[in-house]
Each structure stands twice: as structure tokens, then as C-alpha cells.
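Values in this text are rule-based calculations from the coordinates and carry no lab data. Since we're looking at a predicted model, the values are computed, not measured. Here the Cβ is made from the backbone with ideal geometry for all residues, glycine too, and neighbour counts use every protein chain on show.
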Amino acid sequence: MRIKTNIAGINTSRNQGITQQKLGKSLEKLSSGYRIVRAGDDAAGLAISEGMRAQIAGLNQSIRNVDDGVGMVNTGEGALQEVHSMLHRLETLAIESANGTYNDEARATVEQEKDAILEEIDRICENTNFNEIPLFDMGNPPVPIEPPQKSNNDMTFQIGPSGSEKMDVPRYFMGTKALNLTKEKFQLGTPEKANEAIDTLAKAVQAVTVVRSTFGAAQNHLDCTHNNLSITAENMQAAESRIRDADVEKEFTEFTSQNIISQATMSMQSQANAIPQSVLSLLADL
């Protein structure tokens with residue numbers, strides 16, 4: 001029997017420290033909800049998880065980018081919808097003016113309305129923008145109308161987390177110049193000019209239809225991209241959760257086990273400390 005060095009007490013104290021450390025980690029994981037709280041818990045898992053988190057953040061931002069892109073093309077398509085309505089009104093005026101029952105005074109009134117509509121077409125095309133970004137080019141197209149001319153300045157959307165995932169939507173020349181409907185060329189003052197105007201309007205309507213169809217196709221593309229990004233982000237989050245998040249049932253079982261061991265070790269610590277005291281009974285007999 002030795003009283004100088006309590007080996008049994010040292011041993012139980014060491015085991016108690018190990019148990020308390022494991023108990024603390026279980027409490028940390030249960031309170032935080034994470035299986036990997038620090039790199040030491042699972043260095044490889046942490047590296048994979050952080051990479052996935054970066055990709056998830058990129059996917060979520062891409063979804064917002066796509067939503068903004070949908071808003072942008074919808075803005076352009078909505079403006080052209082009104083331009084279409086005005087072109088149809090001009091068709092009506094041209095057919096009216098081509099009729100031989102209209103005198104010069106009546107045709108002058110038609111001309112006034114025609115000029116007002118053309119001004120409104122230019123105003124819409126010039127002022128339609130998204131976040132101060134113009135959606136149409138008001139310059140002079142190389143060749144008017146046939147087909148509707150694309151500008152060199154496309155609208156580019158970032159639709160994915162990598163640099164290569166981009167989508168270009170053409171920006172078209174639009175307005176009375178692009179549609180060959182300037183006041184100087186587009187006249188309704190005589191039946192002959194009105195008949196020529198009907199043919200010109202048919203081409204203008206077709207040109208606007210092509211541009212609207214382009215916006216519609218872009219919207220469908222963006223809608224599909226949005227759905228794909230959402231599914232990918234959801235699956236990626238589920239995978240990252242399996243790596244990073246704590247299994248509460250498993251961790252609670254571990255906590256309960258370590259808590260029982262801790263109580264048992266504390267009891268053994270008391271017993272180990274009582275062993276040297278038995279020497280007193282020997283000394284008492286002296």
C-alpha cells in the first residue's frame with residue numbers, strides 16, 4: 001500500500017478527463033446541430049462541405065439572376081405588346097384612308113393620329129429599360145425591317161455558378177426608323193400612299209412579332225433554367241446536410257452513454273481516493 005502516489009486516483013482522473021471531453025463534444029454537437037463543429041471533427045468532411053456550401057451559394061444567386069432575367073425580358077415583351085396594338089391601329093387608319101369616301105380634311109385628321117402614334121412608338125422603345133438598361137437600340141439599323149436587325153450589344157445573363165454558364169438575349173433595333181415607319185416615309189394622305197402603308201405595316205407587324213417571339217423563347221429558357229437550378233440547389237443542400245449536420249438521435253445516444261460513464265468514473269474516483277485512507281487503520285494499531 002502506498003500513500004505518496006495514488007496511482008488508482010490518477011488513473012480514474014485521467015479517464016474522467018477523457019469522458020468529460022467526449023461529453024463536452026456531444027453537448028457541443030447537440031447544441032449547435034452540427035456534426036462537424038471544427039476541422040478536427042472531420043477534416044475531409046469539412047473540406048467537402050465548404051466546397052458544397054460555396055456551390056450552393058452560387059446556385060442560389062444564379063436563381064435570383066434568372067428571376068431578374070425573366071423580369072427583364074417580360075418588360076421588353078410587354079412594351080412590344082403595346083407597340084403591336086398601335087401598329088394594328090395604324091393598319092385600321094391606313095385602310096380607312098385608302099377608301100375613296102375620305103376627303104382631304106378627313107385624311108388630314110388621320111395623319112394627325114398617325115403621327116401621334118408614331119411618336120408614342122418611339123417614346124416606348126426609347127424609354128423601355130430595366131434597371132436603367134435599355135432593352136432596344138434606337139440607332140439606325142443596317143437594313144430596316146427585313147428581318148428585324150439585331151444590335152451588337154446583347155443582353156447577357158449569368159445563369160449558373162460557373163463563369164461559362166451565360167445566356168445571351170439579342171437586343172434589337174426598334175422604333176419607327178427600324179420599322180421603316182418614319183413620318184417622312186409613312187404617309188396616309190392619299191389612297192395610293194395609304195395602300196403602300198398597308199404593305200409596310202404588315203412587314204412592321206411581322207418584325208415586332210419576331211422580336212416578341214425571341215423574348216418569349218428567352219423566358220421559356222429562363223423558366224427551365226430556374227427549375228433546374230432550384231432542384232440542383234435542393235439536392236446539394238441535402239447532400240451537404242448529410243455531411244455537416246449532426247444526427248441528433250446518434251449524438252444523444254452518445255451523450256447518454258458518456259454521461260453514465262462519467263458518473264461511474266466519479267464514483268470510482270471516490271473509491272480510489274479512499275484506498276490510501278485505509279492506511280490510517282494500520283497506523284491506529286501502533
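Consider a paramagnetic label point 7 Å from the Cα of Asn153 along Cα→Cβ; state which residues of region 73-98 have an amide N under 15 Å from it. Within reach of a label on Asn153: no residues.
Please identify every one of the trypsin sites (Lys or Arg not before Pro) in region 157-191 that sits in a loop by DSSP and has no more than 15 other beta carbons within 10 Å of its own beta carbon.
Of the trypsin sites (Lys or Arg not before Pro), the ones in loops of region 157-191 whose Cβ has at most 15 other Cβ atoms within 10 Å are Lys183, Lys185.
Residues whose amide H falls under 5 Å from that of Asp245, counting only those 5 or more places apart or on a different chain, are Arg35, with hydrogens built in the peptide plane. Taking each residue as 0.36 nm, the span from Ala47 to Glu119 lengthens on full extension beyond its C-alpha to C-alpha distance by 19.9 nm. For Tyr172, the residues whose amide H sits under 5 Å from its own are Asp137, Ser151, ignoring neighbours fewer than 5 places away on the same chain, with H placed 1.01 Å from N. Name the residue, out of Val210, Val83, Val66, whose mean-square fluctuation peaks in a Gaussian network model built on the chain with Cα pairs under 10 Å. The residue with the greatest mean-square fluctuation here is Val210. Recomputing mean projected area of the Cα convex hull in nm² from the coordinates shown identifies the correct label among (i) 21.6; (ii) 23.5; (iii) 16.4 as (ii). Relative to the current alpha-carbon distance between Ile231 and Tyr34, full extension at 0.36 nm per residue lengthens the span by 68.5 nm. Sites listed here are GluC sites (Glu not before Pro) in region 55-140 whose DSSP assignment is loop and whose Cβ has at most 10 other Cβ atoms within 10 Å: Glu132. Of the beta bridges in region 45-242, as assigned by DSSP with both residues counted there, near 90 percent are antiparallel.
Each of Met138, Thr156, Asn6 was placed along the dipole of the chain (beta-carbon charges, centred on the mean Cα), and the one lying farthest toward the positive end is Asn6. Length gained on full extension, Ile198 to Glu132, computed as 0.36 nm times the residue gap minus the Cα-Cα distance: 20.3 nm. Debye-formula intensities of region 102-257, expressed as log10 I(q)/I(0) at q = 0.09, 0.10, 0.18, 0.20 Å⁻¹, are -0.50, -0.56, -1.10, -1.24 (one equal scatterer per alpha-carbon, no solvent).
Exposure proxy for Ser241, Ser230, Ser49: other Cβ atoms within 10 Å of each Cβ, ordered fewest to most, give Ser241, Ser230, Ser49.
Qualifying trypsin sites (Lys or Arg not before Pro) in region 20-120, where qualification requires a DSSP coil assignment and no more than 11 other C-beta atoms within 10 Å, comprise Arg38.
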